[in-house]
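The values are calculated or read from the model by the stated rules, or taken from the named source; none is laboratory data. Model, not experiment: these values are computed from the prediction. Quick reminder, even Gly has a Cβ in these numbers, built from the backbone with ideal geometry, and neighbours come from all protein chains shown.
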């Protein structure tokens with residue numbers, strides 16, 4: 001059999017695993033890891049959770065550390081273009097052959113666990129997390145930057161004992177799983193806090209902060225906070241660290257970082273959106289804390305690492321005339337930030353919105369933030385069973401919002417992009433959003449159009 005065939009079958013097997021297990025808990029992944037010799041005990045970690053921004057924070061931190069010469073593993077989800085995006089070492093995704101070999105080894109163990117009635121079926125995320133931990137261990141990386149999948153306390157990644165736990169921010173999401181209040185969700189996120197290990201958060205919600213501080217006191221864990229973005233130069237605040245926006249450029253933004261001890265001017269990140277400056281400040285604050293664990297980084301390396309950050313699908317500009325922008329905002333908080341950023345970072349005449357949302361999201365809140373910016377709307381869907389039917393979303397929008405603009409329902413995501421490009425003049429903008437899955441599917445189609 002060819003490698004291409006074996007890889008395709010491997011991915012089919014992974015995706016064929018259940019999304020949720022028969023019961024919550026870490027028993028299944030802990031059992032699998034024990035069968036593998038506990039690879040996570042041989043690797044050091046930074047564990048990053050939060051509602052939004054955890055992927056961006058993880059990517060910036062790993063980029064800086066790689067620039068400093070450290071061997072860095074990066075685990076993120078979901079993937080944008082290829083499944084192998086989810087686990088990378090030093091900026092390179094796992095090879096197809098390595099993934100196939102890894103799954104061939106692990107699959108019999110997964111099947112054994114799933115046949116145990118006391119444990120139940122393993123989920124896709126549990127298995128993929130175990131694969132990643134085994135892979136990073138085999139590569140003998142210096143550090144793994146590990147992104148939480150969902151929540152924290154019962155997330156499969158929570159088997160690790162990190163050098164540092166990071167919680168980017170908190171807002172209402174996945175309420176059916178995590179709880180329907182900020183306090184309940186914060187408690188789930190706080191589940192990644194470990195005994196006597198430092199904790200860093202950029203959360204601003206006072207209820208969430210109270211939860212985190214209480215958990216840190218209970219576990220004797222040092223607590224650190226990143227403060228909100230500062231808009232104007234002036235007297236340095238007593239509270240640090242924080243970032244201050246200097247200039248928005250065509251390719252990204254320039255900012256100043258005031259840290260625990262670092263003061264860095266004219267830092268550049270090729271990412272748009274002021275919220276990315278909070279993520280950058282969180283990554284830099286994490287870097288300062290990691291210096292206590294031996295991960296020292298020169299200032300020049302910090303500049304280079306941030307400037308070389310690659311994180312597609314986040315306010316990503318793919319074309320200028322018309323503007324083609326893709327952003328994976330997938331919940332109300334992220335959509336609200338996107339809506340704020342669009343007029344700040346882009347100039348356009350009309351906005352043609354292509355939106356595909358998952359059925360388990362707060363669709364009403366997402367639409368409320370983004371619809372007022374659109375001049376034309378195309379409702380579509382990603383190729384995913386959990387996607388909301390675009391006709392249902394369109395009917396909801398028509399019934400609940402005073403829509404004075406024309407909207408279309410196009411089930412096929414590639415046809416939706418084709419139609420948006422037909423509608424857009426050279427001074428207009430096409431925005432694809434609603435889910436990273438939507439962005440992933442349409443971005444892959446976009447790349448095929450460019451060949």
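Of all the strands (runs of 3 or more DSSP E) wholly in the range 178-280, which have at least 3 residues that are in the same structural domain as residue 300 (by TED's automatic domain parsing) and either modelled with pLDDT under 95 or over 22 Å from the mean Cα position of the chain (by Cα) (or both)?
Because the criterion is at least 3 residues that are in the same structural domain as residue 300 (by TED's automatic domain parsing) and either modelled with pLDDT under 95 or over 22 Å from the mean Cα position of the chain (by Cα) (or both), the strands (runs of 3 or more DSSP E) in the range 178-280 that meet it are 242-248, 253-258, 263-269.
Based on what the data block shows, is residue 165 assigned by TED's automatic domain parsing to the domain that holds residue 63, buried (at least 24 other Cβ atoms within 10 Å of the Cβ), in contact with a helix residue (DSSP H, G or I) (Cβ under 7 Å, 6 or more places away or on another chain) and modelled with pLDDT of 95 or more?
It is true that residue 165 is assigned by TED's automatic domain parsing to the domain that holds residue 63, buried (at least 24 other Cβ atoms within 10 Å of the Cβ), in contact with a helix residue (DSSP H, G or I) (Cβ under 7 Å, 6 or more places away or on another chain) and modelled with pLDDT of 95 or more.
Only one of (1) out of contact with any helix residue (DSSP H, G or I) (no Cβ under 8 Å at 6 or more places or on another chain); (2) surrounded by fewer than 20 Cβ atoms within 10 Å (Cβ to Cβ); (3) closer than 23 Å to residue 308 by Cβ is not met by residue 118, so which one is it?
(3)
Give just the number: which of (1) part of a helix (DSSP H, G or I); (2) exposed (fewer than 15 other Cβ atoms within 10 Å of the Cβ) does residue 285 not satisfy?
Condition (2) is where residue 285 drops out.
Kindly list the number of the only condition in (1) under 26 Å from residue 100 (Cβ atoms); (2) assigned to a loop (DSSP other than H, G, I, E, B) that fails for residue 145.
Of (1) under 26 Å from residue 100 (Cβ atoms); (2) assigned to a loop (DSSP other than H, G, I, E, B), only one is false for residue 145: (2).
Name the residue, out of 102, 81, 109, 32, that is under 19 Å from residue 140 (Cβ atoms) and either in contact with a helix residue (DSSP H, G or I) (Cβ under 8 Å, 6 or more places away or on another chain) or part of a helix (DSSP H, G or I) (or both).
From the options 102, 81, 109, 32, the qualifying one is 102.
Out of the range 89-99, which residues are under 20 Å from residue 29 (Cβ atoms) and in a helix (DSSP H, G or I)?
Scanning the range 89-99 gives a single hit, 99.
Which count do you get for residues in the range 296-321 that are touching a strand residue (DSSP E or B) at 6+ places or on another chain (Cβ under 7 Å), surrounded by 16 or more Cβ atoms within 10 Å (Cβ to Cβ) and under 27 Å from residue 222 (Cα atoms)?
Adding up the residues that qualify gives 2.
Could you identify the single residue in 147, 124 that is in contact with a strand residue (DSSP E or B) (Cβ under 8 Å, 6 or more places away or on another chain), touching a residue at least 24 places away in the same chain (Cβ under 8 Å) and under 30 Å from residue 227 (Cβ atoms)? Walk me through how you get there before you give the answer.
Details: 124 fails: under 30 Å from residue 227 (Cβ atoms).
None of the others qualify; the one that does is 147.
State all residues of the range 322-335 that are over 20 Å from residue 80 (Cβ atoms) and at pLDDT 95 or above; if no residue qualifies, say none.
Passing the criteria: only 322.
What are the residues in the range 417-434 that are at negative phi and under 25 Å from the mean Cα position of the chain (by Cα), if any?
417, 429, 430, 431, 432, 433 - these are the residues of the range 417-434 that are at negative phi and under 25 Å from the mean Cα position of the chain (by Cα).
Got a sec? Which of 105, 6, 28, 42 is surrounded by 19 or more Cβ atoms within 10 Å (Cβ to Cβ) and more than 15 Å from the chain's Cα centre (by Cα)?
The match here is 28.
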